[in-house]
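Novice: Structure incoming, see below.
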Amino acid sequence: MTMPGQLLRRMAAAVCSPKTLERLVDPILADLQSEVADGAATHGWKRRLALCRGYLAFWKALGLHCIVQMTHPPQSRSGSSAMRMFAFSLVAFCLLTLAITLPPLIEFRWRGTLAERMLLASTLIPQALPLSIPAGISLGTICALRGRRSGVRTIVAVLGIAALSTFGVWIIMEWGLPAANQRFREVMVAQLGGAVINLDPGMNELGLSRLSQRTDAAAVRASRLLWALCFATLPLALFSLGLAPRVRRFGSAVAVSLVVSIAYVFTMAILNEALRDSMLHTIAVWLPSIAFMVAGALMLRQGQKTAGRSSQLPV
């Protein structure tokens, strides 16, 4: 007979450290198996009640443990830093995407069926992804690696994740975002006017490649801005790697990463507009990327030098 909790034990073993398994997971599962055995000796409903109570205790304890681990700097310097950064980035990405798409959903007075409302809501998600992906990587990097210097393997892993995210942003801006914008316009016109009509795609409904083929001034500026935003993940990730050792508290890490991401995007947009008639107009939107990459590389180099001097001090 299979003992209850074995599947939970295997799932926990895949993501938890042996210390967490020994001190947290195994005692809870042992209590669960003991209660289920006592309940099975009497009535079936007691067994089911013990199972529900044990599963609830398991997930509650594991959730509280995750919250504690998130709000305290990591003590281990093992190779789990990249996985920790990936987990933080995934949570931050989901929350930021929700935060960007939720205000239009709340302000809009919905009409139509539930299916039409869900369709309209889904068209807003691709509009948020080019912003939430870079910001999520930055927030996840600073929160996961705060208060500690990153090794070479961690740096390579984080930059690899950032490179894959950059490719994902390019796919979204090339195909996903234009299609979603066009569908959003058609659904909105149908809801407001009562009839479905075909709309010619505007500048926001063109992919990066089609937008780059246009020669009018507005399209050229929009194309430069979108291409720079497409590659924003790598500069933000490198800057966050250099900044993370200088931030220790979880709340400070969240605040700093949000300020960095917002400042990066706003600076890019302001330079694109302010320098459009100057000699630097072709590289105006790339200046924040260059500055963030240089600053991140310098902070990483300084951190490695400091670590090297510390290791040479006599004990």
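The values are calculated or read from the model by the stated rules, or taken from the named source; none is laboratory data. Everything numeric here is computed off the predicted structure, so don't read it as measured data. Glycine also receives a Cβ, built like all others from the backbone with ideal geometry; neighbour counts cover every protein chain displayed.
Novice: Quick one: would you say residue 241 is among the hydrophobic types (A, V, I, L, M, F, W, C), touching a Gly at 6+ places or on another chain (Cβ under 8 Å) and within 25 Å of residue 135 (Cβ to Cβ)?
Specialist: When the stated conditions are applied, residue 241 passes them.
Novice: Considering only the stretch 150-178, state which residues are over 15 Å from residue 231 (Cβ atoms), assigned to a helix (DSSP H, G or I) and touching a residue at least 24 places away in the same chain (Cβ under 8 Å).
Specialist: 153, 154, 155, 157, 158, 175, 176, 177, 178 - these are the residues of the stretch 150-178 that are over 15 Å from residue 231 (Cβ atoms), assigned to a helix (DSSP H, G or I) and touching a residue at least 24 places away in the same chain (Cβ under 8 Å).
Yes or no, residue by residue, for (1) outside the structural domain of residue 161 (by TED's automatic domain parsing); (2) of a type in the set (A, V, I, L, M, F, W, C); (3) closer than 14 Å to residue 136 by Cα:
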| position | (1), (2), (3) |
| --- | --- |
| 246 | no, no, no |
| 251 | no, no, no |
| 254 | no, yes, yes |
| 268 | no, yes, no |
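Novice: Do the conditions hold for residue 137, that is, is it touching a Gly at 6+ places or on another chain (Cβ under 7 Å), crowded, with 18+ Cβ neighbours inside 10 Å and closer than 24 Å to residue 262 by Cβ?
Specialist: no
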